[in-house]
């Protein structure tokens, strides 16, 4: 039995719920991904708001992504700690999360008001003039709001991974390996003439 390299088994580095909330609340950018009519995967970076377990994004309604998501509302969203604002606490979780989820569009006045306010404040936390200016830019009749409800998280906790590879992580910090890092990994190892891996 061969011991796998730590970097081959990344599903054992999840975030807990508090860390997910910290990362999603603090990071400033999200990559929204969808499928086009002819099958191409496409992604665009957006500012966003994490609210009540959903990812809220806005763009102009005439964008191709609106028609694509109306046609098939299955989307993915990637958020990385690399988009933390300058000066963010070093104690915040590091790494990235990809969410698989479903999208729902909103254009009602109540949703626009709270979301535009929240997004403007997030981008201008210490600048009321900047906040008001950004709100005025968002408040357009062509704008639509997308709420993504997550159905699955694909997580990589970089801090836990670093500690584990350095041999200083507590076993309680590690998650159970997913099937991709057990059955599928060993299938590929067998195809390459490698020994079955053991638990890390």
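Summary table
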| item | result |
| --- | --- |
| Theoretical ellipticity at 222 nm over the chain - DSSP helices of four or more residues, -39500 (n - 2.57) apiece, nearest 500 | -9000 deg cm²/dmol |
| Ranked 45, 149, 58, criterion: other C-beta atoms within 10 Å, fewest first | 45, 149, 58 |
| Gyration tensor verdict on the stretch 39-146 (Cα atoms; rounded if a/c is under 1.5, prolate if a/b is larger than b/c, oblate otherwise) | oblate |
| Cβ-based exposure ranking for 174, 194, in which fewest neighbours within 10 Å come first | 194, 174 |
| Helix 128-138 vs. the chain, principal-axis angle (Cα, 0 to 90°, nearest 10) | 90 degrees |
| Spacing of the two label points (7 Å from each Cα toward its C-beta) at residue 154 and residue 168, in nm | 3.1 nm |
| Bridge type composition, the chain - antiparallel percent by DSSP, nearest 5 | 95 percent |
| For 108, 181, order by how many other beta-carbon atoms lie within 10 Å, fewest first | 108, 181 |
| Counting all C-alpha pairs of the chain, share separated by more than 26 Å (%) | 45 percent |
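A short reminder: the numbers here are calculations on the coordinates, not readings from a lab. These figures come from a predicted structure and were not determined experimentally. Glycine also receives a Cβ, built like all others from the backbone with ideal geometry; neighbour counts cover every protein chain displayed.
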